[in-house]
Amino acid sequence: MQALAKRRVPKMFYDYADTGSWTQSTYRENEAALQRQKLRQRVARNIDNRSVKSTMIGREVAMPVALAPVGLTGMQHADGEILAAQAAEEFGIPFTLSTMSVCSIEDVAEHTKTPFWFQLYVMRDRGFSENLMQRATAADCSALVLTLDLQVLGQRHQDLKNGLSTPPKPKPSVLVDLAFKPFWCWNMLQTKRREFGNIHGHVAGVDDMSSLAEWTNSQFDPTLDWSSVEWVKKHWDRKLILKGINDVEDAKIAAGLGVDAIVVSNHGGRQLDGALASYDVLGDIVDAVGDKIEVHFDGGIRSGQDVFRAVAMGAHSTYIGRAYIYGLGAMGKAGVTKVLEMIHKELDVTMGLCGETDITNTGRHNLVL
Ligand SMILES: Cc1cc2nc3c(=O)[nH]c(=O)nc-3n(C[C@H](O)[C@H](O)[C@H](O)COP(=O)(O)O)c2cc1C
């Protein structure tokens, strides 16, 4: 899927996904840490009638996997957020829409039946953030995922070199690249959704959002702190998930705030380069707060085996980012569905080969520690 996405998606957007900040050490470590984790092979057990069904903040899910919020999904494939949300809905797992999406909250709601989750970036203009929460409420979003690890942007060299913007600026190098991406261009010509759907036309005084880095640095609120969670709760009375916890002390504070879940995450290695791989902190965070709050996990998951590793380590459930983005870039909605099918099958078979029949009964006894 990744190889096909690389061939089909314009370089600027493919690189945007397949990149980490600065030296990309944390990006690489996220995958490597999962790979290092060996599983315990158990045999001669009855592993008929297996189930990987689980729950996430009270919602039944076909497997403990949700689609993570990914900005600019609609630039990996035309109408990307709508297609991914539909694939997730049909599969029976949650979809999370990013604040920085191309398709708007209302647009995704109009094209799906099951309530999805909305990810919030808090902006300097708190009125705008309030408005986003009202729009998410009106669109029947059932959970808010508040991202805490992006108050300022970690530098991603490739985005600067490529001049990442949406829609892409018609520079000669971009036009040459687009000439080799007919699948993407053809689909993109059929849609009108090519800007930041949640933001365009909603933020006063912002007329040029084409440079994502500049826009983020000028608009995102660097004063966001733990007290801001209280502020969010005043405007959001449904389920609340805090995303971007990568430290035991932070996890303890978050668990004391009366939210529904935390996501152990380092933003897929896109923010603090040099931070620990999220899998390497997962166990300690589960030990510290796992009995008080649902601990979710993301970062580096590329297979059902990885989902199994995280759940066995104690994550209640997981999210995938790039894994589904590559499927989307490669084959649109069918590609996302294919990725979910592969992960589901790998998870089911891996669980069986570890001698387990129910994903909710797996644990550290399935890992070589
Ligand atoms: C291209 C891209 C864009 C992202 N945009 C957002 C975003 O808008 N909001 C957010 O909270 N996280 C964002 N993330 C982080 C993901 O939600 C998630 O934490 C990360 O992708 C997990 O790592 P993985 O890609 O290795 O699965 C983004 C990740 C990628 C790869």
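The values are calculated or read from the model by the stated rules, or taken from the named source; none is laboratory data. None of these values were measured; they are calculated from a predicted model. Here Cβ is always computed from backbone atoms with ideal geometry, including for glycine, and neighbour counts include all displayed protein chains. Accessible surface is based on the protein model in full, side chains and every heavy atom, while ligands, DNA and RNA are left aside. Shrake-Rupley method; radii C 1.70, N 1.55, O 1.52, S 1.80 Å.
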Task: Accessible surface, per residue, of the range 1-157 when the full set of protein chains is kept, probe 1.4 Å, Å² - done: 39
Task: Angle between the chain longest axis and helix 126-138 axis [Cα atoms, degrees, rounded to 10] - done: 60
TODO: Quote the FRET efficiency, to the nearest 0.05, computed for Ser218 versus Lys38 with a Förster distance R0 of 35 Å and r equal to the Cβ-Cβ distance.
DONE: 0.15
TODO: Restricting things to alpha carbons, tell me how big the range 1-87 is in terms of Rg and Dmax, in Å.
DONE: 17.8, 50
Task: Dipole in debye (nearest 20) - the range 5-114, about Cα centre, beta carbon charges: Lys, Arg +1; Asp, Glu -1 - done: 920
Open item on the list: Suppose each label sits 7 Å from its Cα in the direction of the beta carbon; what would the Leu257-Asn49 distance come out to in nanometres?
Closed with: 4.3
Open item on the list: Let's see if you can work this out: charge +1 on each Lys and Arg Cβ, -1 on each Asp and Glu Cβ, no other charges. What is the dipole magnitude of the chain about its Cα centre, in debye to the nearest 20?
Closed with: 1040
- [ ] With a 10 Å radius around each residue's Cβ, average the other Cβ atoms per peptide and rank 168-176, 193-201, highest first.
- [x] 193-201, 168-176
- [ ] Report, by chain and number, residues whose modeled amide H sits under 5 Å from the one on Phe220, excluding near sequence neighbours (fewer than 5 apart, same chain).
- [x] Arg124
Task: Volume of the Cα convex hull of the range 71-163, divided per residue and given in Å³ - done: 111
TODO: List the aspartates and glutamates whose Cα lies under 17 Å from the Cα of Lys192, skipping any in the same chain that are fewer than 8 positions away.
DONE: Asp79, Glu81, Glu106, Asp107, Glu110
- [ ] Rounding to the nearest 20 debye, state how big the charge dipole of the range 215-303 is about its Cα centre with +1 on each Lys and Arg Cβ and -1 on each Asp and Glu Cβ.
- [x] 380
Open item on the list: Students often get this wrong, so check it: of Lys239/Lys338; Lys113/Lys239; Lys53/Lys292; Lys11/Lys243; Lys113/Lys345, which have C-alpha atoms separated by over 24 Å?
Closed with: Lys239/Lys338; Lys11/Lys243; Lys113/Lys345
Open item on the list: Through the Karplus equation 6.51 cos²θ - 1.76 cosθ + 1.60, θ set to phi - 60°, convert the phi angles of the range 14-22 into ³J(HN,Hα) values in whole Hz; use x for Gly and Pro.
Closed with: 4, 4, 4, 7, 8, 8, x, 7, 6
Task: Percent of Cα-Cα distances greater than 18 Å, calculated over the range 38-87 - done: 58
- [ ] Report, to the nearest whole %, how much of the accessible area of the chain belongs to carbon and sulfur atoms, 1.4 Å probe, protein only.
- [x] 52
Task: Sequence ranges 220-230, 236-246, 152-162, ranked by mean other-Cβ count within 10 angstrom, highest first - done: 236-246, 152-162, 220-230
TODO: Can you tell me the 0 to 90 degree angle between the C-alpha axis of helix 226-235 and the longest principal axis of the chain, rounded to 10?
DONE: 80
- [ ] Work out the P(r) tail for the range 2-366: percent of alpha carbon pairs separated by more than 36 Å, whole number.
- [x] 16
- [ ] Would you mind checking the tilt of helix 25-36 against the longest principal axis of the Cα atoms of the chain, expressed as 0 to 90 degrees and rounded to 10?
- [x] 20
